[in-house]
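Scroll down for the structure; my scribbles are underneath it.
The values are calculated or read from the model by the stated rules, or taken from the named source; none is laboratory data. Since the model is a prediction, treat every value here as computed from it, not as a measurement. All Cβ positions, even for glycine, are placed from backbone atoms using ideal geometry, and neighbour counts span all protein chains on display. For the accessible areas, the whole protein counts, side chains as well, though only heavy atoms, and no ligand, DNA or RNA atoms are used. Shrake-Rupley method; radii C 1.70, N 1.55, O 1.52, S 1.80 Å.
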Amino acid sequence: MKDAAPQTIYLSDYTPYGFVVEEVHLTFRLSPTATRVLSRIRFSPNPEGPDRDFFLHGEDLALISASIDGTPVQPEITPQGLRCDVPDGPFVWEAEVEISPETNTALEGLYMSNGMYCTQCEAEGFRKITYYPDRPDVMSVFTVRIEGPHPVLLSNGNPGASGDGWAEWHDPWPKPAYLFALVAGDLVNHPGQFTTMSGKKVELNIWVRPGDEGKCAFGMEALKKSMRWDEEVYGREYDLDIFNIVAVDDFNMGAMENKGLNIFNSSAVLASPETSTDANFERIEAIIAHEYFHNWTGNRITCRDWFQLCLKEGLTVYRDSQFTTDMRGAAVKRINDVSDLRNRQFPEDQGPLSHPVRPESFQEINNFYTATVYEKGAEVIGMLKRLVGDEAYAKAVALYFDRHDGQACTIEDWLQVFEDTTGRDLSQFKRWYSQSGTPRLRVSEHYEDGTYSLQFSQTTPPTPGQNDKQPQVLPIEVGLLSPNGDEVVPTTLLEMTKAEQRFEFTGLSSKPVASILRGFSAPVVLERDSSREERAFLLAHDTDPFCRWEAGNALARDGLLAMITDGAAPDTAWLDGLETLLRDSALDPDFRASMLDLPGQSELAQALHERGVTPDPQAIYDALERLKMFRAERWADLLPQLAKETRVTEPYAPDADQVGKRALGNGVLHMLTRLDGGAAAQKQFDSADNMTLQLAALAALIWAGEADAALRAFHDRWQHDRLVMDKWFGLQVALARPDRAAEQAKALTEHPKFDWKNPNRFRAVFGSLAANHAGFHYEGGAGYDLLADWLIRLDAKNPQTTARMCAAFQAWRRYDDGRQARMRNALQRIAGTPALSRDTTEMVTRILG
Ligand code: TRP
Ligand code: ZN
């Protein structure tokens, strides 16, 4: 267990390590509760690191022996590591430690999952494997020998010699310890091959437990596409003879980019049409790409320290979003990314957990693998690219790879290559990395004598630790439409740098309608007093698909807010506009399906809060239900025709064309269910030959209250498939009626298949409870209490997953006094738990504020 004493680490305190690691040799003698790790490490003094204090990180290690240059030493040992006197020049450190992978439930360091050994070292897990300077700026070449009775023994780099019960690996590329990986087990592989742009053949493998080999083909194709794409778009070639991916069932996050040996949560790699939804396929393709792309952005060029995490994560998320755009189409990818940003990053940025894309202090780095670092970090790259242009972006990135290959870098290094290629001064732009909070951008418009002007003002509300905000550089893309719908000014980039700024368009023959923040060109909240007519016009005519979607989304949101606060009737003008789109079969079905999306409950709660209204979760839920029913009735005669149009007759494929049809078809099914009580859903459930159709039908039946038989049938059919059973657990909680959600979650924790130590299963139940807004916040607070009980229980086993899930409480201050008191209570109960982990302590302390 980690030491709970809060110690804060500061970016400003960075100093280089006093030693260079020349070479690392590791030997693992595997045994479930007594694995021996032997290390032989060559150190020399670091001319750039003046501090000669020889400290090695190490946690939960039993030191068996240690020597320097062959002479036994007795280091001074603390809970965080060890210290030792060392010679003035180069020396060889040797140590043997014992660890217990089987009892390692934190899933960090070397642990066991279903009988297989695996590792997770990012961010600071290597120190639970052996004594080492566990910091990303210490890079070295690793040679690894694994001894164990397992048929498959894997580590980073290229395979070396092997024999019965042992295997050696050598990774020629210097890397930080967080990229170390080891896997041992009874695994089977799905093989593949890739020829790189310079003609080198690379052996590819996806390793899984026997029985899962039929779920690897899609991942393998995604990997090959990613490798090709990185060559074609970024000129990056793979650099080892082999690339291995391993699927593990117990994993805290999605996946990990260990050099040459990516380790994946099985939910992020295993796929088959019968067991995975279209959304699963898309996510898997994106995560495989993401981890693969880290080979250059993260591994070949890594981070100097963990404050620079966005250097690899923001850039790699940006790269995987470009990849998905190329594979599946720009419009829907952008819409999905913006929804995701608003649902996950905005609440973080506007609540007690708000932090800059590059934080300046932390207690537990694991708590900073956040939507802000990842998703806002990617938005920042997107803005930079917009500002400098595609060509300069390509040049700057090429310079980055050239200049920094093999180094551990900072955001300053990253921005410098852009300054050097463009001659631009990016000091103001850099505020995107240091200033937290979501900027609000207000705009007002004016037209006179052929001149149209837009007056913008920006402010960023105070966030924890940052009261005064400076203006940021905002790239604002704008297009102007004439009243008949023609584009009179095509997309133009306005560069806002001041708190207030005015932009003019001259020579217009009539007052235009402006399409502002096209493509969501900056991650801000746009405040615009736009009439319903103007929005309806943009919904009908905007040539920018994002702004077209956004116009519909804003109409939906404002209509819902009026329903919630004034008991208004649904906005029929908006529905009629939407209907025109739905009927337009020239429009991509996927885009039409996104147009059916309504703002989420939490998003509406935030919108009310911003307007000074205390959100009532039940009222939000009721308004959404009323609107969905109203819409279904109003479009009753359109639905059968849409259902027909979206039917897929070809064999299942998770490609953009079919995915769009199924998305729209399933949207239609949910509307039909409101009219027919579940008859169409039952039919779809019974006949579905793929999970996308089956799960949507099950969801519709749950909504209709007609799912008992279907839930039983689903359980019986899929009870031996962990990933499908996660869906079974999750859906029942996510879709439970508000008054039943906590009860439902509790009942499922008593199900024999509820394995609370498995993060996927824990999240299936409790992530879904937190996501069921009206259910989690249902009066009385049973949801809060249940979640707190289980977080307290999980913390003793798995601090990382516990701490992440505390974010369910982050928006507690926007609710009424009663709910606030109950949430504060739950948080204080967690905070007061004896021996609470450092991870969870930091999270609840920050949330309580
Ligand atoms: N670097 C991983 C990624 O973004 C993230 C990750 C995987 C991680 N496992 C982790 C981060 C455990 C912290 C702890 O691809
Ligand atoms: Zn990543």
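Things to note:
- Checking 611, 592, 532 one by one, the residue that is under 27 Å from residue 673 (Cβ atoms) and among the basic types (Lys, Arg) is 592 and no other.
- Hey, residue 12 outside any loop (DSSP other than H, G, I, E, B) and either without any contact (Cβ under 8 Å) to a residue 12 or more places away in the chain or loosely packed, with under 12 Cβ neighbours inside 10 Å (or both) or not: yes
- Among the residues listed as 739, 716, the single one being within 22 Å of residue 779 (Cα to Cα) and open to solvent by 70 Å² or more (accessible area, probe 1.4 Å): 739
- Only one of 580, 565 that is open to solvent by 30 Å² or more (accessible area, probe 1.4 Å), under 16 Å from residue 537 (Cβ atoms) and either in contact with a Ser or Thr (Cβ under 6 Å, 6 or more places away or on another chain) or of a type in the set (S, T, N, Q) (or both): 580
- Residue within the range 266-276 that is within 15 Å of ligand 2 (Cβ to nearest atom), within 25 Å of residue 358 (Cα to Cα) and assigned by TED's automatic domain parsing to the domain that holds residue 237 present: no
- Comparison of 354, 321, 339 shows that the only residue that is outside any strand (DSSP E or B), within 13 Å of ligand 2 (Cβ to nearest atom) and not aromatic (Phe, Trp, Tyr) is 321.
- When the range 231-266 is limited to residues that are acidic (Asp, Glu) and under 30 Å from residue 395 (Cα atoms), the one that is surrounded by the fewest Cβ atoms within 10 Å (Cβ to Cβ) turns out to be 232.
- Restricting attention to the range 586-609, the residues being more than 15 Å from residue 560 (Cα to Cα) and either in contact with a helix residue (DSSP H, G or I) (Cβ under 9 Å, 6 or more places away or on another chain) or outside any loop (DSSP other than H, G, I, E, B) (or both) number 9.
- Each residue in the range 267-302 was checked for being under 25 Å from residue 180 (Cα atoms), crowded, with 24+ Cβ neighbours inside 10 Å and more than 14 Å from ligand 1 (Cβ to nearest atom), and 2 of them qualify.
- Check on residue 308, away from ligand 1 (no atom under 14 Å from the Cβ), outside the structural domain of residue 154 (by TED's automatic domain parsing) and not in a loop (DSSP other than H, G, I, E, B): no
- Residue check, residue 796 of a type outside the set (Asp, Glu) and either surrounded by fewer than 19 Cβ atoms within 10 Å (Cβ to Cβ) or more than 16 Å from ligand 1 (Cβ to nearest atom) (or both): yes
- The one condition in (1) under 30 Å from residue 184 (Cβ atoms); (2) not in a strand (DSSP E or B) that residue 24 fails to fulfil: (2)
- Restricting attention to the range 24-75 and to residues that are in contact with a His (Cβ under 9 Å, 6 or more places away or on another chain) and open to solvent by less than 50 Å² (accessible area, probe 1.4 Å), the residue that is nearest to residue 111 (Cα to Cα) turns out to be 30.
- Counting only residues that are over 22 Å from residue 33 (Cα atoms) and either part of a loop (DSSP other than H, G, I, E, B) or among the basic types (Lys, Arg) (or both), the range 71-106 holds 11 of them.
- Scope the range 326-367; condition touching a Leu at 6+ places or on another chain (Cβ under 8 Å) and either closer than 15 Å to residue 810 by Cα or outside the structural domain of residue 307 (by TED's automatic domain parsing) (or both); matching residues: 352
- The range 536-552 residues that are free of Cβ contacts under 8 Å to residues at least 60 places away in the same chain, paired with ones that are among the aliphatic types (A, V, I, L, M) and open to solvent by 30 Å² or more (accessible area, probe 1.4 Å) (beta carbon under 8 Å, 6 or more apart): 536/573; 551/536
Per-residue answers, yes or no, for (1) outside any helix (DSSP H, G or I); (2) among the aliphatic types (A, V, I, L, M):
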{"position": "797", "(1), (2)": "yes, no"}
{"position": "819", "(1), (2)": "no, no"}
{"position": "825", "(1), (2)": "no, no"}
{"position": "828", "(1), (2)": "no, no"}
{"position": "835", "(1), (2)": "yes, yes"}
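- So residue 219, is it under 30 Å from residue 717 (Cα atoms) and not hydroxyl-bearing (Ser, Thr, Tyr): yes
- Scope the range 299-336; condition free of Cβ contacts under 8 Å to residues at least 60 places away in the same chain and over 15 Å from the mean Cα position of the chain (by Cα); matching residues: 325
- Residues being within 11 Å of ligand 2 (Cβ to nearest atom) and hydroxyl-bearing (Ser, Thr, Tyr) - total across the range 277-296: 1
- Under the condition of being away from ligand 2 (no atom under 16 Å from the Cβ) and open to solvent by 30 Å² or more (accessible area, probe 1.4 Å), the residues counted in the range 303-318 number 1.
- Any hit, the range 15-25, residues being within 30 Å of residue 836 (Cβ to Cβ) and not acidic (Asp, Glu): no
- Number of positions in the range 97-147 that are away from ligand 1 (no atom under 16 Å from the Cβ) and more than 25 Å from the chain's Cα centre (by Cα): 25
- If you go through the range 231-259 and keep only what is touching an Asp or Glu at 6+ places or on another chain (Cβ under 8 Å), away from ligand 2 (no atom under 16 Å from the Cβ), under 19 Å from residue 116 (Cβ atoms) and in a loop (DSSP other than H, G, I, E, B), you end up with nothing.
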